[in-house]
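What follows is one structure encoded as structure tokens, with my remarks underneath.
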Amino acid sequence: MFVLEKLPYKHNALEPYIDEQTMKIHHDKHYQAYINNLNLALEGYQKFQNQKINDLLANLNKLTKEIRLKVRNHGGGVANHSFYFSILKKNSRKPDNEVLKAINTKFSGFEEFKLKFSKLATSIFGSGWAWLVLGDKGLELVSTSNQDNPISQGKIPLLNIDVWEHAYYLQYQNKRVDYINAFFHVINWDKVNDLFLKAQKVEK
Ligand code: MN3
């Protein structure tokens, strides 16, 4: 069975960029709902209950038809939210680490990366996510709809932003772009770097 991962910081830790009430509802209610619905979907499927969520999402075609879409949606919700909350932190800083060096090279500087990532996140129609991933061609920006996860396309997530309205509407209302700007103040680049180093080992 899948369980809610505790926030690695307090609900109000990311203020003023992401407010306490949004974090409480987002983490304690929305994320919990994906956990509950995934567990419900996998009732009676013991084999899948014991797998890691990323392994389920990487192999959706191995699931029986009855549960495939449910795992894609609710399981995606579990993986995406667990990931999102884990790459945020208060007092974000931008160290001179490997992933930021790779970003500077790939996107001709950090500001260019931020611009491209923000444009992508802004342009997602409806609900979805923008991601920085490691794929066949190195670092890539991709977007997914609903709760899809790039793992299902064989890519390794390094950074994501939730642009479902529940992620920002209480604080930013319709101004998604302000939320995206704020997000850049609370990225845990040390964590992203850890994921990047681990991902490179997998790719080799
Ligand atoms: Mn969300």
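The values are calculated or read from the model by the stated rules, or taken from the named source; none is laboratory data. Fair warning: this is a prediction, and the values are worked out from it, not measured in the lab. Every residue, glycine among them, receives a Cβ derived from its backbone with ideal geometry; neighbour counts consider all protein chains shown.
Among the listed residues Ala13, Ala33, identify the single one that is at pLDDT 95 or above, under 21 Å from Ile180 (Cβ atoms) and aliphatic (A, V, I, L, M).
Ala13
Looking only at residues in segment 71-110 that are in a helix (DSSP H, G or I), aliphatic (A, V, I, L, M) and within 16 Å of the ligand (Cβ to nearest atom), which one is surrounded by the most Cβ atoms within 10 Å (Cβ to Cβ)?
Val78
Counting only residues that are surrounded by 17 or more Cβ atoms within 10 Å (Cβ to Cβ), closer than 23 Å to His185 by Cβ and more than 13 Å from the ligand (Cβ to nearest atom), how many does segment 18-50 have?
1
Can you say whether Asn80 is touching a strand residue (DSSP E or B) at 6+ places or on another chain (Cβ under 7 Å) and touching a residue at least 24 places away in the same chain (Cβ under 8 Å), as far as the supplied structure shows?
Spelling it out, Asn80 is indeed touching a strand residue (DSSP E or B) at 6+ places or on another chain (Cβ under 7 Å) and touching a residue at least 24 places away in the same chain (Cβ under 8 Å).
Output the number of residues of segment 41-70 satisfying the condition of being outside any loop (DSSP other than H, G, I, E, B), in contact (Cβ under 8 Å) with a residue 12 or more places away in the chain and either in contact with a strand residue (DSSP E or B) (Cβ under 9 Å, 6 or more places away or on another chain) or not basic (Lys, Arg) (or both).
10
Look at segment 147-157 and say how many of its residues are crowded, with 16+ Cβ neighbours inside 10 Å, outside any helix (DSSP H, G or I) and touching a residue at least 60 places away in the same chain (Cβ under 8 Å).
The qualifying residues number 4.
If a residue has to be in contact with a Ser or Thr (Cβ under 6 Å, 6 or more places away or on another chain), within 16 Å of the ligand (Cβ to nearest atom) and of a type in the set (Val, Ile, Thr) to count, how many in segment 148-198 make the cut?
2
Inspect segment 133-140 for any residue being touching a residue at least 40 places away in the same chain (Cβ under 8 Å), within 15 Å of the chain's Cα centre (by Cα) and at negative phi and give the result as yes or no.
Scanning segment 133-140, I find at least one residue that is touching a residue at least 40 places away in the same chain (Cβ under 8 Å), within 15 Å of the chain's Cα centre (by Cα) and at negative phi, so the answer is yes.
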